[in-house]
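Engineer: Got a structure here, written out as structure tokens. Questions coming.
The values are calculated or read from the model by the stated rules, or taken from the named source; none is laboratory data. The structure presented is a predicted model; accordingly, all values stated were derived computationally and were not measured. Positions of Cβ are backbone-derived with ideal geometry, glycine not excepted, and every protein chain shown enters the neighbour counts. Note: accessible area is taken over every heavy atom of the protein model, side chains too, but ligands, DNA and RNA are not part of it. Shrake-Rupley method; radii C 1.70, N 1.55, O 1.52, S 1.80 Å.
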Amino acid sequence: MGDRIMGDTRDTLAGQMMAVSAVVFGGALLIILTAHAFEQFGGHAPCPLCLQERYAYYFGVPAAVVAFFAARGESFGFARLVLLLIAIGFLLNMGLGIYHAGAEWKFWPGPETCAGGFDLKWSQEGIVDTPVIRCDEAAWRFLGLSFAGWNAVVSALLASIALRGAALRR
């Protein structure tokens, strides 16, 4: 009887950690794909800070897969560690998003190198139609928040979910 209860507890913990990992994976993947869609289809070129804010997603998506399979294999300590690292990454990203949004609202200065990534377009007259993407100007806002502001909100949410998963115990 005791072995069955212990096995049920392990199954429940594995299921909970797998669910948390799957939610972090799905949320992070959705956000990074949305960012790329705004860039490719919406014409919103990213600035250098925008590109840096993607690093947490580039780490978080595959790391969530690792955490999922670690939990599935009942390597709970390793799964907790990976979820904790994901949470730390998104907390740092939240800070970067707040910094970026604050620079856009002119609460503080943005970085010295404020021109963003773009494709140079050449003609016989030289460079033409080449936008300069500034870190201290919001390209778009929804409900009063820019891309950077929404990144801070989503990063906080993903960090809290990953932290919850890291804190799960039997």
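Engineer: So Trp108 ticks every box in (1) open to solvent by 50 Å² or more (accessible area, probe 1.4 Å); (2) more than 15 Å from Phe147 (Cα to Cα); (3) in a helix (DSSP H, G or I) but one. Which box is left unticked?
Structural biologist: (3)
Here's the yes/no breakdown for (1) of a type in the set (Phe, Trp, Tyr); (2) open to solvent by 40 Å² or more (accessible area, probe 1.4 Å); (3) part of a helix (DSSP H, G or I):
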residue	(1), (2), (3)
Gln16	no, yes, yes
Val20	no, no, yes
Thr34	no, yes, yes
Phe38	yes, yes, yes
Pro46	no, no, no
Leu51	no, yes, yes
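Engineer: May I pose another question? Can you tell me how many residues in segment 111-120 are open to solvent by 100 Å² or more (accessible area, probe 1.4 Å), of a type outside the set (S, T, N, Q) and at pLDDT 60 or above?
Structural biologist: Within segment 111-120, the first condition is being open to solvent by 100 Å² or more (accessible area, probe 1.4 Å), and the residues that meet it are 112-113, 119.
Add one more test, that the residue is of a type outside the set (S, T, N, Q), and what stays is 112, 119.
With at pLDDT 60 or above added as a condition, the list becomes 112.
Qualifying residue count, segment 111-120: 1.
Engineer: With touching a helix residue (DSSP H, G or I) at 6+ places or on another chain (Cβ under 6 Å), at pLDDT 95 or above and part of a helix (DSSP H, G or I) as the only criterion, which of Leu92, Leu84, Leu96 stands out? Write out each step before concluding.
Structural biologist: Numbers: Leu92 fails: touching a helix residue (DSSP H, G or I) at 6+ places or on another chain (Cβ under 6 Å); Leu96 fails: at pLDDT 95 or above.
Testing whether each residue is touching a helix residue (DSSP H, G or I) at 6+ places or on another chain (Cβ under 6 Å), at pLDDT 95 or above and part of a helix (DSSP H, G or I) leaves just Leu84.
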